[in-house]
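Here's the structure we're looking at; comments come further down.
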Amino acid sequence: MVNDVELKVARAAKGFMPDDEGLALHEAGLDGGRIGPLLEIGSYCGKSGVYLGSAARAVGTVLFTIDHHRGSEENQAEWEHHDTEVVDPRTGRMDTLPFFRRTIEDAGLEGFVVGVLGDSPTVGRYWTTPLGSLFIDGGHAEQVATADYEIWAPHVMSGGVLAIHDVFERPEDGGQAPFHVWQRAVSDGFTTLTAVGSLRTLRR
Ligand code: SAH
Ligand code: MG
């Protein structure tokens, strides 16, 4: 269960994850976390990391969460998901790392959440640890989302859970890249588990 402090901190954190999707993500973390560690691509300010980190705490594993903290294309100025509060005034570049750190601290999850600061494909090139659960929520451009799937999905253990965020079947509801990743996962043999809002989960 997500405890009261975690829920309060997750709700207050900046991010893109409604409660019902966060709780479904937590379930995916509990499920996959029983067989191995959790890994998230796209930490942003730690909101989804609290739901997953809470699951890691509950089952005695850890969440690795990767982000360069410079924002995706869609988080930059002039784009829909831009937030001027996360811009470093010194450089004018985005920096969500201080927000992420505070969220995980406030949630009491520093013992269960390992922030990995870097570019997802670069980290992936050196990664070898099998995963119980993988959550893909990094850049949503077609090549970026596809690269994340191709690099990280092979690490999901048999019986493990893959979660994909921002899956919209209809173009009028949102970008199509995460939906294409979901289709790809299905054709690669992942079986569908749940769909809550734009969050889809599948089992290897
Ligand atoms: N999961 C978060 C939201 C993530 S937003 C939540 O629900 O609260 C997407 C994040 O992906 C951004 O913080 C951005 O910096 C990160 N990102 C985009 N491309 C990346 C890449 N190639 N490597 C690492 N992080 C990346
Ligand atoms: Mg998202």
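Laid out as a table, the results:
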quantity	calculated
Residue count for the stretch 118-150, restricted to those that are within 9 Å of ligand 1 (Cβ to nearest atom), open to solvent by 10 Å² or more (accessible area, probe 1.4 Å) and out of contact with any helix residue (DSSP H, G or I) (no Cβ under 6 Å at 6 or more places or on another chain)	7
Residues located in the stretch 35-47, provided they are assigned to a loop (DSSP other than H, G, I, E, B) and in contact with a strand residue (DSSP E or B) (Cβ under 7 Å, 6 or more places away or on another chain)	35, 36, 37, 42, 43, 44
Some residue of the stretch 158-168 being at pLDDT 95 or above, β-branched (Val, Ile, Thr), farther than 25 Å from residue 8 by Cβ and more than 14 Å from ligand 1 (Cβ to nearest atom)	yes
Per-region count, the stretch 107-116, residues in contact with an Asp or Glu (Cβ under 7 Å, 6 or more places away or on another chain) and either under 20 Å from residue 198 (Cα atoms) or open to solvent by 40 Å² or more (accessible area, probe 1.4 Å) (or both)	0
Criterion (in contact (Cβ under 8 Å) with a residue 60 or more places away in the chain, at negative phi, within 16 Å of ligand 2 (Cβ to nearest atom) and open to solvent by 10 Å² or more (accessible area, probe 1.4 Å)) met by exactly one of 80, 74	74
Condition met for residue 36 (under 17 Å from the mean Cα position of the chain (by Cα), within 9 Å of ligand 1 (Cβ to nearest atom) and crowded, with 17+ Cβ neighbours inside 10 Å)	no
Answer residue from the stretch 124-145, given it is free of Cβ contacts under 8 Å to residues at least 60 places away in the same chain and either under 16 Å from residue 189 (Cβ atoms) or within 16 Å of ligand 2 (Cβ to nearest atom) (or both) and is farthest from the chain's Cα centre (by Cα) among those	142
Any hit, the stretch 94-113, residues being away from ligand 1 (no atom under 12 Å from the Cβ) and within 13 Å of the chain's Cα centre (by Cα)	yes
Scan of the stretch 28-42 for residues that are touching a Gly at 6+ places or on another chain (Cβ under 7 Å) and under 23 Å from residue 4 (Cβ atoms), ordered by number	33, 38, 40
Qualifying residue in the stretch 46-62 (condition: at positive phi, open to solvent by less than 30 Å² (accessible area, probe 1.4 Å), modelled with pLDDT of 95 or more and in contact with a Gly (Cβ under 9 Å, 6 or more places away or on another chain))	yes
Residue that is surrounded by the most Cβ atoms within 10 Å (Cβ to Cβ), among those in the stretch 151-165 that are within 16 Å of ligand 2 (Cβ to nearest atom) and either more than 14 Å from residue 183 (Cβ to Cβ) or of a type in the set (Phe, Trp, Tyr) (or both)	163
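The values are calculated or read from the model by the stated rules, or taken from the named source; none is laboratory data. Bear in mind that the values here come from a model prediction, so they are computed numbers and not experimental data. Glycine also receives a Cβ, built like all others from the backbone with ideal geometry; neighbour counts cover every protein chain displayed. Ligands, DNA and RNA are stripped out before the accessible areas are found, and what is left, the full protein with its side chains, is counted by its heavy atoms. Shrake-Rupley method; radii C 1.70, N 1.55, O 1.52, S 1.80 Å.
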